[in-house]
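The values are calculated or read from the model by the stated rules, or taken from the named source; none is laboratory data. Not measured: the values here are computed from a predicted model. As a convention, Cβ positions derive from the backbone with ideal geometry for all residues, glycine included, and neighbour counts pool all protein chains shown. For accessibility, only protein heavy atoms count, side chains too; no ligands or nucleic acids. Shrake-Rupley method; radii C 1.70, N 1.55, O 1.52, S 1.80 Å.
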Amino acid sequence: MFRRLSIVAASLLAITAAQGQAQNAQRQAERDLFAKIVEIPTVEGQTAEFKKLTGLLSAEFRKAGITDIVVKDHDGTQTLIARWPAAKPSGKKPILLMAHMDVVAAKESDWKYPPFKFREEDGYYLGRGSNDNKAGLTGIVLALQYLRAEKFQNTRDIIVLFTGDEETSGNSARRAATEWRSLIDAEFALNSDAGGGSVFPDGRVEGFGMQIAEKTYADYKLTAINRGGHSSAPRPDNAIYALANALTAVERHRFTPMINDATRATYEALSKGDSGQYGELVRRFLANPTDRETADLLEAMDSGSTRTRCVATMLSGGHAPNALPQKAEANVNCRIFPGVKIEEVRQQLQALAGPDVTVTAVEGSQTPETAPTPLRADITEAYKAAVATRFKDAPVMPFQSAGATDGAFLRANGIPVYGFGGLWGIVGAREGAHGLDERVWAEGFHGQVPIWMEMLRRVAG
């Protein structure tokens, strides 16, 4: 009997060891693919690098048996669209999975290590684009590969849209939503660039966010023109001073507080879970969203949540050190609350700037003006169930993002977009998106894949 027990124990140990080896091999394969994707420097103007990435991604899809792949060459970049046809068609419209391939440029001299050299440090994967948005992109590819391997029988087409200029012009998403609409038309989209979670250092989950709205992006140029002259004879009418006064007025201005379905849902959830000062402010704002004082206090803790915000981002002026300036210009970037018109903000900026400064909207800089995506109980519950595969009873909270994404172009053209992501980071830890030493929590990177898989089982199964 003891011999039989010893044999069983040895067998169980062998099985456990084999499972551990398989898991380690899978993790290494996921890491290797992520490294390849991060190390391709897909920044604006590098068309050859985009071709390299779309070639790699196309090969990964084909390995999984997804062969309906279209790569669009356009505007100095590329867009990849892939389709997994329904195995058991139900008549339901497809769902669309979104990510972007492009990343913000990185000045190598500013980085301690080369920005496009993938590396691992202190539990993080580092490299430009690792967080925004190549982790989400890789998670989608891996989830589809694994679902194909397990013979998942999808009841509707699953379409992938990987864009090439989300960080710049947005032409990929703009064209996809219009002239390429037949290739990506879907009942709704899940945008990996606009969802995800956060976990406390001790392992407790804070929650996962589902973006259902985003602010409108718009740049404005403030220009002061002057006749100039010799610097030895200064006058009160000075282009640089006029522009400086205008920018000071913009800095001090607070736009009208606002609330919508997305921000209300966020604040209602927060009001129930926070008994401290922040929770009290949230409850006061819900009771009276026009209360400027409360909105200001909330803005100090959670910038961009209660109103339109504008900030100076670029500045130039003068033509010689010994001459009065003939021209001074500044760029003011605004993140506009949904429902507020781009022209309305320009008029407010003009009123602040005064008669000596002209305010114009920068042509082509704007994302579409969109309303929040309506909440759907089935998608929210699917998200909760997917996250529960890793974090039981984790809250899923709808929110409005201050940053712009490709989702705006789809929302503006009738495709509902939900920010979804299984990726998570550590509460309070810097991740460096758009900045130095950009990074993603390795456990969150690998852990996102089964969350994506479960979400797709629920919405496409």
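Which residues, counting only those in region 71-90, are assigned to a strand (DSSP E or B) and either open to solvent by 40 Å² or more (accessible area, probe 1.4 Å) or within 17 Å of residue 142 (Cβ to Cβ) (or both)?
71, 72, 73, 80, 82, 83, 84
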Checklist entry - If we keep just the residues of region 347-377 that are part of a helix (DSSP H, G or I) and open to solvent by 40 Å² or more (accessible area, probe 1.4 Å), which is nearest to residue 308 (Cα to Cα)? => result 348
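Does residue 288 qualify as being within 29 Å of the chain's Cα centre (by Cα), open to solvent by less than 80 Å² (accessible area, probe 1.4 Å) and not charged (D, E, K, R)?
No; evaluated as a whole, the condition is false for this residue.
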Checklist entry - Which of (1) closer than 30 Å to residue 316 by Cα; (2) touching a helix residue (DSSP H, G or I) at 6+ places or on another chain (Cβ under 9 Å); (3) open to solvent by 50 Å² or more (accessible area, probe 1.4 Å); (4) in a helix (DSSP H, G or I) does residue 283 not meet, given it meets every other one? => result (1)
Item to check | Pairs, first under 16 Å from residue 74 (Cα atoms) and part of a helix (DSSP H, G or I) in region 48-64, second of a type in the set (D, E, K, R) and modelled with pLDDT of 95 or more, C-beta under 8 Å, six or more apart | outcome: 50/102
Item to check | Restricting region 21-49 to residues that are of a type in the set (A, V, I, L, M, F, W, C) and surrounded by 13 or more Cβ atoms within 10 Å (Cβ to Cβ), the residue that is farthest from residue 447 (Cα to Cα) | outcome: 43
Item to check | Every residue from region 205-256 that is among the aromatic types (Phe, Trp, Tyr) and in contact with a strand residue (DSSP E or B) (Cβ under 8 Å, 6 or more places away or on another chain) | outcome: 208, 217, 220, 255
Item to check | Hits in region 165-189 - residues which are open to solvent by 10 Å² or more (accessible area, probe 1.4 Å), touching a strand residue (DSSP E or B) at 6+ places or on another chain (Cβ under 8 Å) and outside any helix (DSSP H, G or I) | outcome: 166, 167, 180, 187
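Yes/no per residue for (1) under 25 Å from residue 386 (Cβ atoms); (2) buried (at least 19 other Cβ atoms within 10 Å of the Cβ):
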{"residue": "69", "(1), (2)": "no, no"}
{"residue": "95", "(1), (2)": "yes, yes"}
{"residue": "105", "(1), (2)": "no, no"}
{"residue": "110", "(1), (2)": "no, no"}
{"residue": "113", "(1), (2)": "no, no"}
{"residue": "129", "(1), (2)": "yes, yes"}
{"residue": "153", "(1), (2)": "yes, no"}
{"residue": "163", "(1), (2)": "yes, yes"}
Checklist entry - When region 92-113 is examined, which residues are found to be small (Gly, Ala, Ser) and assigned to a loop (DSSP other than H, G, I, E, B)? => result 105, 106
Next on the checklist: Checking the structure you have, find out if any residue of region 378-393 is of a type in the set (Asp, Glu), under 23 Å from residue 304 (Cβ atoms) and assigned to a loop (DSSP other than H, G, I, E, B).
Outcome noted: no
Next on the checklist: So, in region 427-440, how many residues would count as being at pLDDT 95 or above and out of contact with any Phe, Trp or Tyr (no Cβ under 6 Å at 6 or more places or on another chain)?
Outcome noted: 1
Checklist outcome for this item: The one condition residue 403 fails out of (1) crowded, with 19+ Cβ neighbours inside 10 Å; (2) at pLDDT below 95; (3) within 23 Å of residue 261 (Cα to Cα); (4) small (Gly, Ala, Ser) is (1)
Checklist entry - Taking region 324-360 on its own, how many of its residues are of a type outside the set (D, E, K, R) and out of contact with any strand residue (DSSP E or B) (no Cβ under 6 Å at 6 or more places or on another chain)? => result 10
Next on the checklist: Can you pull out every residue in region 430-442 that is over 10 Å from residue 131 (Cβ atoms), part of a loop (DSSP other than H, G, I, E, B) and in contact (Cβ under 8 Å) with a residue 60 or more places away in the chain?
Outcome noted: 436, 437
